[in-house]
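Okay, so here's the structure we're looking at.
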């Protein structure tokens, strides 16, 4: 028999006390686990969303006469001189600039209504919008070719190879865009220079989408640098919206972490309390141990091991409960749906498991320090005489 | 060999109670000493001091030539582990452990390798005739059986000294006598030095020598026969 067996057997003697202590620790650990899992998975999700947004800086003319709403982005009638674009590559953080995609928007009359014409540098736009699924091909620069949004294609009955006459210019449809759920579905994408001719706006663009690549990108800084380099434009970091969402996420997970740490402290105090009480209860037992030749270290060991066993079991239970919580309950509390797949495909949170169990062990270890010390200073003679 | 030199124990600070006063005595190896005296005479205090559990206010306790209160607490614990076995009036078994586990408790705190524990404990249980009760909890045993388990626990480390504090106090006459025979047998067959604290002359007669303790002072240490005679005279 080892000292740990004494600890184990004493624990199993008082089943309800064990259960209550375990409930405390495992709930605290569960909170810790679910908070960490959720924040890990949500961070990954938000990052993915940033990726989907493509551009994270929108460059528009500084002074806008009349504003036209293009999705969430306000685009004015005023324009940016095309030759200013390359100045973007002169900013100090130019290394972080991945894609620069200038665009020219305009409405062209077509039949009884009008078409939204978007002039693009096809390759650049393609890189920016990785989620595009094209039936057919991208237009070539300089050629009268068009990539048509799904809604336009549907309402005009267009398919690949069809021709589209806009402002006396014949455009060949060479690609149809799959539905994107965005304004792109209602747009006709043509090469920038062709658009400038059709819309009669030579040498200018409406706006420039800029994608700055880096995980902890100082987007605001890059936007500011662009504005410094080109005084005629306004650069808006659109990551701000995403950022805010991220902040909400981290605030939520911070609240959960705070709650979890509070619970951990409470369960630590409660374990300490139970252990102190049990020392008074087991005072004779301690006296016997000492008379049997246990030294202070052995007595401390008995109590610390009990606490560590609690911490270990509580940690494992807590991890289990926490994972279930983060799967089923957190998505209800936090308004982002997290699926089993999200959790399974994101392995970053795996480190949460050993960390949580370690936290539980450390908390229980700390909780046992004072009671264990107290037990080791018991006077064996007074203990055996039945008092303290 | 156990030797006490001018051992005094005073409890309390403002209101001092003298439990032992200048006790000097020797117990030879293999000897069986009974310490008798009325309650409050300091018998148990004497036993705890010899067992290294209670630091005397004054004086020295030597076990095999080592002054045990000059050792640090850990060395003293080691000495208890290796040389001393305690038996108590109320058995003091751990309620949630079986007989076998109770006997193994002292081994837990020792350096004896873990795989040998069970064998040693079974041997000790066998010696007290309780091998068949190994898996019973104390609550499932009679008083006499519990005391046997506690004796097995006291001897499992092969100590050279057995300190018994009123071991038969909670037992009926017949069971008490059985326990005394067992202790006597350990003394004679295993060569264990026994110090027995009792107020019952019928138990003291198992000893070779009897020390009479009154108000913390050894009044006399005599051979058993002398005591018996005095008792008749008194």
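With respect to residue A:277, is the statement that it is within 14 Å of chain B (Cβ to nearest Cβ), assigned to a helix (DSSP H, G or I) and modelled with pLDDT of 85 or more true? No, not satisfied. Of all residues assigned to the range B:10-18, at least one qualifies as being surrounded by 15 or more Cβ atoms within 10 Å (Cβ to Cβ), at pLDDT below 95, in a strand (DSSP E or B) and at negative phi. Checking each residue in the range A:178-214 for being touching a residue at least 40 places away in the same chain (Cβ under 8 Å), surrounded by fewer than 16 Cβ atoms within 10 Å (Cβ to Cβ) and under 26 Å from the mean Cα position of the chain (by Cα) picks out A:182, A:213, A:214. Considering the range A:95-167, the qualifying strands (runs of 3 or more DSSP E), each wholly inside and each with 1 or more residues that are out of contact with any strand residue (DSSP E or B) (no Cβ under 6 Å at 6 or more places or on another chain) and surrounded by fewer than 17 Cβ atoms within 10 Å (Cβ to Cβ), run over A:97-110, A:113-120, A:163-166.
For the range B:38-48, filtering for residues that are under 16 Å from the mean Cα position of the chain (by Cα) and more than 9 Å from chain A (Cβ to nearest Cβ) leaves 4.
The criterion of at least 3 residues that are at pLDDT 95 or above, crowded, with 23+ Cβ neighbours inside 10 Å and away from every other protein chain (no Cβ under 12 Å) is met by the following helices (runs of 4 or more DSSP H) wholly inside the range B:65-171: B:143-155. When the range A:349-372 is examined, which residues are found to be surrounded by 13 or more Cβ atoms within 10 Å (Cβ to Cβ) and either within 14 Å of chain B (Cβ to nearest Cβ) or at pLDDT below 85 (or both)? Of everything in the range A:349-372, those that are surrounded by 13 or more Cβ atoms within 10 Å (Cβ to Cβ) and either within 14 Å of chain B (Cβ to nearest Cβ) or at pLDDT below 85 (or both) turn out to be A:349, A:352.
The values are calculated or read from the model by the stated rules, or taken from the named source; none is laboratory data. Quick caveat: nothing in here was measured; it's all calculated off a predicted structure. Reconstructed Cβ throughout: ideal geometry from the backbone, glycine too, with neighbour counts over all protein chains shown.
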